[in-house]
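**Student:** Handing you a structure now.
Readers should treat all values here as calculations from the given coordinates under stated rules, not as data from a laboratory. Because the structure is predicted, anything quoted here is derived from the model rather than measured. Here the Cβ is made from the backbone with ideal geometry for all residues, glycine too, and neighbour counts use every protein chain on show.
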Amino acid sequence: MWLIMKVFVFHFVVLLILFGVSPSQAATHNYSFVVKEASYTRLCSTKDILTVNGLFPGPTLHLRQGDTAFVHVHNKGKENITIHWHGILQPRYPWSDGPEFITQCPIMPGNSFIQKVIITEEIGTLWWHAHSDWSRATVHGAIIIYPKRGDRYPFPKPDAEIPIILGTNKGINSIL
Ligand SMILES: *[C@@H]1O[C@H](CO)[C@@H](O)[C@H](O)[C@H]1NC(C)=O
Ligand SMILES: *[C@@H]1O[C@H](CO)[C@@H](O)[C@H](O)[C@H]1NC(C)=O
Ligand SMILES: [Cu+2]
């Protein structure tokens with residue numbers, strides 16, 4: 001009994017040291033991206049556009065420096081797709097960076113793929129977008145990377161932050 005107690009206490013202390021004391025631990029985040037058509041109205045005109053989770057722009061990733069995100073992409077659209085993490089270095093792990101036929105095969109309609117996104121030194125607001133042809137016009141969203149927990153912003157901490165995503169002509173044309 002005492003032995004079990006001792007082992008238990010020892011484990012507890014080890015856990016405390018591993019997870020409690022280290023100030024800037026990296027976190028893992030899981031996101032689900034369901035690529036599918038959804039109807040969208042802009043300037044009185046309604047169209048079916050390709051979206052992630054029915055949203056346009058798509059969902060925002062909120063991460064910290066050092067974190068890893070697993071984005072589970074489910075392609076419920078009609079065409080092949082991959083998602084590219086624009087501006088993320090993906091050191092020694094290009095295998096889910098997005099460019100189709102370069103570092104990964106496209107995700108076919110009806111298939112799923114887990115894209116691993118590794119945040120190392122990036123900080124600030126970047127974006128993700130589909131990397132296949134026209135699909136990037138509507139399949140995109142923001143990646144917001146905060147400093148490590150306990151670190152300061154490299155500028156005065158903002159009172160509020162509002163992501164603004166600007167589309168291109170191509171994007172606007174394909175919506176209208
Ligand atoms: C997140 O996704 C990874 C990769 O598929 C998996 O190993 C892990 O169990 C998932 N975590 C949660 C909490 O779902
Ligand atoms: C779609 O993806 C599959 C496998 O990833 C590939 O074999 C096929 O050539 C792709 N189709 C097009 C039109 O790119
Ligand atoms: Cu890009």
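**Student:** Which of the peptides 144-153, 158-167 is most tightly packed, and how do the rest follow, going by the mean number of other Cβ atoms within 10 Å of each residue?
**Tutor:** Listed from highest to lowest mean packing, they are 144-153, 158-167.
**Student:** Continuing with the same structure: Simple spin-label model, 7 Å along Cα-to-Cβ: residue 159 to residue 34 in nm?
**Tutor:** If labels sit at residue 159 and residue 34, their model points lie 3.9 nm apart.
**Student:** Okay, next question. Students often get this wrong: which residues of segment 107-137 have the backbone nitrogen under 17 Å from the point 7 angstrom along Cα-to-C-beta of residue 92?
**Tutor:** Only 116-122 fall inside the zone, counting backbone N under 17 Å.
**Student:** In percent, what relative contact order does segment 25-83 have, based on Cα pairs under 8 Å that are 6 or more apart in sequence?
**Tutor:** 46 percent
**Student:** Considering only the other residues whose Cβ falls under 13 Å of the Cβ of residue 66, what net charge follows from Lys and Arg at +1 and Asp and Glu at -1?
**Tutor:** Once all neighbours under 13 Å are counted, the net charge is -1.
**Student:** What is segment 108-166's relative contact order, in percent, from Cα pairs under 8 angstrom and six or more apart in sequence?
**Tutor:** 27 percent
**Student:** If you average the sequence gap of Cα pairs under 8 Å that are 6 or more apart and divide by the length of segment 25-175, what percent do you get for the contact order?
**Tutor:** Result for segment 25-175 is 26 percent.
**Student:** Cβ under 13 Å from residue 38's Cβ, residue 38 left aside: what net charge do those residues give with Lys, Arg +1 and Asp, Glu -1?
**Tutor:** Once positives and negatives cancel, what remains is +2.
**Student:** Need one number: convex hull volume per residue for segment 79-176, Cα atoms only, in Å³.
**Tutor:** 132 Å³
**Student:** What distance in nm separates the simple spin-label points at residue 103 and residue 48, each placed 7 Å from Cα in the Cβ direction?
**Tutor:** Roughly 3.3 nm, to one decimal.
**Student:** Along Cα→Cβ, 7 Å out, is where each label goes; now give me the distance between the ones at residue 76 and residue 41 in nm to one decimal.
**Tutor:** 2.2 nm
**Student:** In addition: So what's the gap between the Cα centers of segment 26-63 and segment 134-149, to the nearest angstrom?
**Tutor:** Answer, in whole Å: 11.
**Student:** Can you list the equivalent-ellipsoid semi-axes of segment 34-90, largest first and in whole Å, using the square root of 5 times each Cα gyration tensor eigenvalue?
**Tutor:** For segment 34-90, the ellipsoid semi-axes come out as 26, 14, 9 Å.
**Student:** Using amide H atoms built 1.01 Å from N in the peptide plane, name the residues 5+ places from residue 139, or on other chains, whose amide H lies under 5 Å from its own.
**Tutor:** Correct list: 130.
**Student:** Let me check I've understood the local charge: for residue 100, count other residues with C-beta under 15 angstrom from its C-beta, Lys and Arg +1, Asp and Glu -1. What total comes out?
**Tutor:** -2
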